[in-house]
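Before any comments, here is the structure.
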Amino acid sequence: MVDIQQYIDKFLEYIYLSNSNSINTKLSYQHDLMLFSRYLQEENVSSLDLSRNEVLGYLDYLHKQNSQLTNRSISRNLSSVRSFYRYLNDISLSDCNPFVSIKIKKEKQRLPDYLFEDEIDLLLDSFDLDDDLAYRDRTLFEMMYGCGLRVSEASNLKINDIDFSNKLLRIMGKGSKERIVPFYSTIEKLLRHYLSDIRVLFAKDNEYVFVNKNGQKLTTRGIQYLLNKTVEKYNLPFKLHPHTLRHSFATHLLDSGVDIRIVQQLLGHSSLSTTQIYTHLTVEHLRSSYDKAFEDKEK
């Protein structure tokens, strides 16, 4: 029987080196290929050149692993296995890619959650600015919304990434792609006071903008926790996830007539199709506003 694990390990190292040493990418492939390796072992498959029945058996195996597994998750897993087989083809360990013709029906794309502008105002106006940590949180969430930041981008933002003279942020996004994002005067005012009078109370030698009360960088989980506590503390009438602020940023820009390609650049999307999901939100908003305006005439 083929010792597949040694080839998986070599493939994962190859993926790690070819993706700018991205540990998250490596872990994603590792998780997917662990399931594939387990299937081969449990079914006593002795060759990497799988039959069609063995391929279909793996699909059934994925569904049985988790009955709640979505088509999107299965598609991602198969993509990882296809990439693994391309690697095996390149090093002449397999002559075919048995998963190349296997396609999973795409699920209907789920529209992202976002807040209306008055809900954003309600959130940002909730904080007691006389409280140091509340001031930090207001600054953090205002920037995440006003600059369309991913939670990881807010967590990793460094003081040297802020250009106050031009009101610009240098953001290192997904895939180590850099983009420049402007910020408005309210963010500038909040940031200046936070950095000069509040942050220094907690952190001395830390280079990150947003820190906890122990002076350590706020993690992505820490930011999510702060959002949850904010909603709970101020009894806000909506659920909140870090990406909700980014979704709201994009939707409000498009609602205001900003060109979609500019929004694409501000969000750091490689493909325009990724940004176009927000046009569906603006159409829904338009429809809702239209129906509300004319509901009395239909009575």
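Residue pairs, Cβ under 7 Å, 6 or more apart or interchain, first in segment 247-274 and over 16 Å from Pro182 (Cα atoms), second aromatic (Phe, Trp, Tyr) and part of a loop (DSSP other than H, G, I, E, B). List them.
Pairs found: His247/Tyr114; Ser248/Tyr114; Thr251/Tyr114.
A quick yes/no check of all residues on (1) open to solvent by 70 Å² or more (accessible area, probe 1.4 Å); (2) outside any helix (DSSP H, G or I); (3) under 18 Å from Asp9 (Cβ atoms):
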{"residue": "Tyr39", "(1), (2), (3)": "no, no, yes"}
{"residue": "Asn44", "(1), (2), (3)": "yes, yes, no"}
{"residue": "Asp49", "(1), (2), (3)": "yes, yes, no"}
{"residue": "Leu56", "(1), (2), (3)": "yes, no, no"}
{"residue": "Leu59", "(1), (2), (3)": "no, no, no"}
{"residue": "Leu62", "(1), (2), (3)": "no, no, no"}
{"residue": "Arg82", "(1), (2), (3)": "no, no, no"}
{"residue": "Tyr85", "(1), (2), (3)": "no, no, yes"}
{"residue": "Leu88", "(1), (2), (3)": "no, no, yes"}
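For segment 1-25, how many residues are open to solvent by less than 50 Å² (accessible area, probe 1.4 Å) and of a type outside the set (Phe, Trp, Tyr)?
Total meeting the criteria: 6.
Please state which of the following conditions Gly215 fails to meet, knowing it meets all the rest: (1) modelled with pLDDT of 90 or more; (2) of a type outside the set (Ser, Thr, Tyr); (3) surrounded by fewer than 12 Cβ atoms within 10 Å (Cβ to Cβ); (4) not in a helix (DSSP H, G or I).
Result: Gly215 fails condition (3) only.
Select from segment 90-121 the residues that are open to solvent by 90 Å² or more (accessible area, probe 1.4 Å), at pLDDT 80 or above and acidic (Asp, Glu) and list them in ascending order.
Answer for segment 90-121, where residues must be open to solvent by 90 Å² or more (accessible area, probe 1.4 Å), at pLDDT 80 or above and acidic (Asp, Glu): Asp90, Asp95, Glu117, Asp118.
Table: residues versus (1) under 19 Å from the mean Cα position of the chain (by Cα); (2) at positive phi.
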residue	(1), (2)
Leu123	no, no
Leu129	no, no
Gly148	yes, yes
Val151	yes, no
Ile159	no, no
Ser165	no, no
Leu168	no, no
Ser176	yes, yes
Arg192	no, no
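Pairs needed: first member in segment 174-189, more than 12 Å from Cys147 (Cβ to Cβ); second member anywhere, outside any strand (DSSP E or B) and open to solvent by 70 Å² or more (accessible area, probe 1.4 Å); C-beta distance under 9 Å; at least 6 residues apart or different chains.
Lys174/Ser270; Gly175/Ser20; Gly175/Ser270; Ser176/Ser20; Lys177/Ser270
Look through Phe238, Phe210 and report the one residue that is on the phi < 0 side of the Ramachandran plot and open to solvent by 20 Å² or more (accessible area, probe 1.4 Å).
Phe238 is the lone residue from the list that is on the phi < 0 side of the Ramachandran plot and open to solvent by 20 Å² or more (accessible area, probe 1.4 Å).
To keep it simple, each residue is scored yes or no on (1) open to solvent by less than 60 Å² (accessible area, probe 1.4 Å); (2) of a type outside the set (Ser, Thr, Tyr); (3) touching a residue at least 60 places away in the same chain (Cβ under 8 Å).
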residue: Leu129; (1), (2), (3): no, yes, no
residue: Arg138; (1), (2), (3): yes, yes, no
residue: Glu142; (1), (2), (3): yes, yes, no
residue: Gly146; (1), (2), (3): yes, yes, yes
residue: Asn166; (1), (2), (3): no, yes, no
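The values are calculated or read from the model by the stated rules, or taken from the named source; none is laboratory data. Being a predicted model, the structure only gives us computed values, none of them experimental. Glycine also receives a Cβ, built like all others from the backbone with ideal geometry; neighbour counts cover every protein chain displayed. Note: accessible area is taken over every heavy atom of the protein model, side chains too, but ligands, DNA and RNA are not part of it. Shrake-Rupley method; radii C 1.70, N 1.55, O 1.52, S 1.80 Å.
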